[in-house]
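The values are calculated or read from the model by the stated rules, or taken from the named source; none is laboratory data. Note that the coordinates shown come from a computational prediction; the quantities given were computed from them, not determined experimentally. No Cβ is skipped: glycine too gets one built from the backbone with ideal geometry, and neighbour counts run over all protein chains shown. Please note that ligands, DNA and RNA were not included when accessible areas were found on the heavy atoms of the full protein model with its side chains. Shrake-Rupley method; radii C 1.70, N 1.55, O 1.52, S 1.80 Å.
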Amino acid sequence: MAKGSKCKPYLPPNVRAVVLADKSIPLIFTEGALKALALASHGYHAIALVGVWNFGRPREKDDNGENIGPIELHNDLACITIDGRTIILIFDSDTVTNESVKAAELTLAKLLLERGAIVKIGQLPSEEDGSKNGVDDYLVRHGKDALDKIIADAKTPAATVKPIVYIRTDEYRTTRDVLNCLAADPELYYRNGLVRLAVDDESGGASIRFVVPADIRRRITERCTLGIVKEKEEFRPMHVPEWVVQQTHCFPDPPVIRRLVGVSGVPILRADGTIHCRPGYDAVTQHYYHATVDVPKLGKLTRADAIAAKDNLLDIIADFPFADVAGRSVWLSLVLTSIGRHLIHGSTPATLVTANVAAAGKGKLANCAILIVTGVEMAGQSLDADAAEVRKLLTSVAQKGSPYLLFDNLTSGSMIRSAVLDMAITSGRHHDRLLGRNEVVDLPFRTVIVATGNNIDCGGDAARRWLAITLNSPFARPEDRTDVRRKTLKPTFTNIAGATSQMR
């Protein structure tokens, strides 16, 4: 055999073309030619790997002589009819303690599963004195019946056997391979960094959280096995190097990881008028639908349905003392903008709800729109005069992908003036340095901003960035009203999706 060449799988005399073509005949993969011959002498059809990693064809190497090509089945194995065939892997009993052998066994199982094989793994026990068993030793010591029981008890490995990632000197390749493995993580997304979804147990809503390095390390070990190849193709598993974690954490826009723009509590409207209504990720809009309200199934909708939906929405707020008709239109635009905000790549105005007296219903009116879209009331924030504090709040909101930011009960008679807030409303993105870290984030800002307060006005540039709803109550104590039709506001969600698709 030429120096540096790879050992080929060994086929005993009873394993010929007719056997390899007949998928109804089970095959046993084992270690070494003598073990395959021992199995053949007892009527089994076996294939020997002359070296547990020698099931693959020679791989492409880099300039340093390190393997970089994908692991693929050796040509002598690839020609076997594998799809639908039962294949049992029976390696030596030290598989449970030898990590390299276990990694080889699982990698081979993965390749066979990908080709449609019915793969099972049989585990040979060691002897009571600790002596190792191969199938040849086990047959001599315990007989065919005992081996038949090992085969009958063989376990089916998980369909997603952890792949092998090789630690190389060209580090970007290793990082790329790790990211390819992390792409299978159902909780992982990319949003100016690796993120995950977190569910608020109290509200039932979902928000976006950055994945910290310790969590990335855990997820890497769950999704793949890292290691190096020593002489004679021996694989040595290793702990995840710190540089792998760091490079994975800050890798710019990895194409294999799903991008996550935001989270929606209601079915997601798409630009073509279709609606993503199954909870989960929508690749079209790059949004995640985490249901917070029950939305009825809708049939084919017409413009008449949209008009009826609009009337239903306005009927919900019929008791509020709007100063003019324009206020109702602004409130309706708040509802529809919230549902379709992800489709608008530019800026959208903020909404101010102001009233002439306390208890006129400004907070309830704002939350009524929020309830329709999210199913939960939004906790209010104070609008700090300190620009740094506003910037930190906007950074937190942008990181979480919050659909709303509610500034509730601003100081009566005050003026909205905030250059930081003005920029967030108009730019559609938010830039800031993370607290305690020398790192600048650049995040999409699609949050709908709402503010409430008595006798509030907008000054400076804010006047062109806010739409105002004015409530003008004729009562000094609006809470004492007796002519309210709706004692409890419980918005109906019927035809809301139809309204958005017809009125967008």
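Please list 3J(HN,Hα) in residue order for the range 354-362, calculated via the Karplus relation 6.51 cos²θ - 1.76 cosθ + 1.60 where θ = phi - 60°; whole Hz, with x for glycine and proline.
10, 9, 7, 9, 5, 6, 7, x, 5
Given a Förster radius of 25 Å and the C-beta distance between D315 and N455 as r, what FRET efficiency does 1/(1 + (r/R0)^6) yield to the nearest 0.05? It would help to have the intermediate numbers written out before the result.
Numbers: r = 28 Å, r/R0 = 1.12.
Computed FRET efficiency for D315 and N455: 0.35.
Once the Cα atoms of helix 387-400 and of the chain are each reduced to a long axis, what angle between those two axes, in degrees from 0 to 90 to the nearest 10, is obtained?
The answer is roughly 50 degrees.
Of all trypsin sites (Lys or Arg not before Pro) in the range 284-318, which ones are in loop regions per DSSP and have a Cβ with at most 13 other Cβ atoms within 10 Å? Display every interim value, and only then the final one.
On the way: sites: K297, K300, R303, K310; in loops: K297, K300.
When the trypsin sites (Lys or Arg not before Pro) of the range 284-318 are filtered for loop state and at most 13 Cβ neighbours within 10 Å, K297, K300 remain.
Of the listed peptides 179-187, 252-260, 352-360, what is their order by residue-averaged count of other C-beta atoms within 10 Å, with the highest listed first?
The peptides rank, most packed first, as 352-360, 179-187, 252-260.
Please give the Cα centre distance for the range 342-412 versus the range 120-156, rounded to the nearest Å.
After rounding, the separation between the Cα centres reads 67 Å.
Taking H placed 1.01 Å from N in the peptide plane, check which residues at least 5 places from Y281 or on another chain put their amide H under 5 Å from its amide H.
Residues meeting the criterion, in which the H sits 1.01 Å from N, are Y289.
With every protein chain left in place and a probe of 1.4 Å, what is the accessible surface of T411, to the nearest 10 Å²?
Only protein atoms counted, so the area is about 100 Å².
Can you list which of the GluC sites (Glu not before Pro) found in the range 105-184 are DSSP loop residues with at most 15 other C-beta atoms within 10 Å?
Numbers: sites: E105, E114, E127, E128, E171; in loops: E127, E128.
Sites meeting the loop and neighbour criteria: E127, E128.
Give the calculated FRET efficiency between R236 and K132 to the nearest 0.05, with a Förster radius of 22 Å applied to their Cβ-Cβ distance.
Calculated transfer efficiency: 0.65.
Let me have the 222 nm mean residue ellipticity of the chain computed from DSSP H runs of 4+ only, each contributing -39500 (n - 2.57), with the sum over all residues rounded to the nearest 500. Provide the component values of the computation, followed by the final result.
Working: 15 runs with 157 residues, N = 504.
Helix contribution divided over all residues of the chain: -9500 deg cm²/dmol.
Treating only the Cβ atoms of Lys and Arg (+1) and Asp and Glu (-1) as charged, compute the dipole magnitude of the range 260-346 about its Cα centre; round to the nearest 20 debye. Before the final figure, lay out the partial values.
Details: 8 positive and 8 negative charges, 60 e Å.
Charge dipole, the range 260-346, about its Cα centre: 280 debye, nearest 20.
Please report, as a whole percent, how much of the solvent-accessible surface of the chain comes from carbon and sulfur atoms (probe radius 1.4 Å). Mind showing how you got there, number by number?
Details: 12900 of 24930 Å².
That share works out to 52 percent.
Leaving out ligands and nucleic acids, and using a 1.4 Å probe, what accessible area per residue does the chain come to in Å²?
On the way: 24930 Å² over 504 residues.
Per residue, the chain has an accessible area of 49 Å².
For the chain, count all C-alpha to C-alpha pairs, find those more than 41 Å apart, and express that count as a whole percent of the total.
Working: 55283 of 126756 pairs.
Percent of Cα pairs beyond 41 Å in the chain: 44.
Karplus couplings for the range 100-115 from phi (6.51 cos²θ - 1.76 cosθ + 1.60, θ = phi - 60°), rounded to Hz, Gly and Pro as x?
Each residue of the range 100-115 in turn: 5, 5, 4, 5, 5, 4, 5, 5, 4, 4, 4, 4, 6, 4, 5, 8 Hz.
By the gyration tensor of its Cα atoms, with a ≥ b ≥ c the square roots of the eigenvalues, what is the shape of the range 326-397: rounded for a/c under 1.5, prolate for a/b over b/c, or oblate?
Values: a/c = 1.64, a/b = 1.11, b/c = 1.49.
Oblate.
For the range 18-63, state which trypsin sites (Lys or Arg not before Pro) are in a DSSP loop and have at most 16 other beta carbons lying within 10 Å of their beta carbon. Kindly include the intermediate steps, with their values, before the conclusion.
Details: sites: K23, K35, R59, K61; in loops: K23, R59.
The qualifying sites are R59.
Quick check: pseudo-label points 7 Å beyond the Cα along Cα→Cβ at D83 and I25, how many nm apart are they?
Spacing of the two 7 Å Cα→Cβ label points: 2.1 nm.
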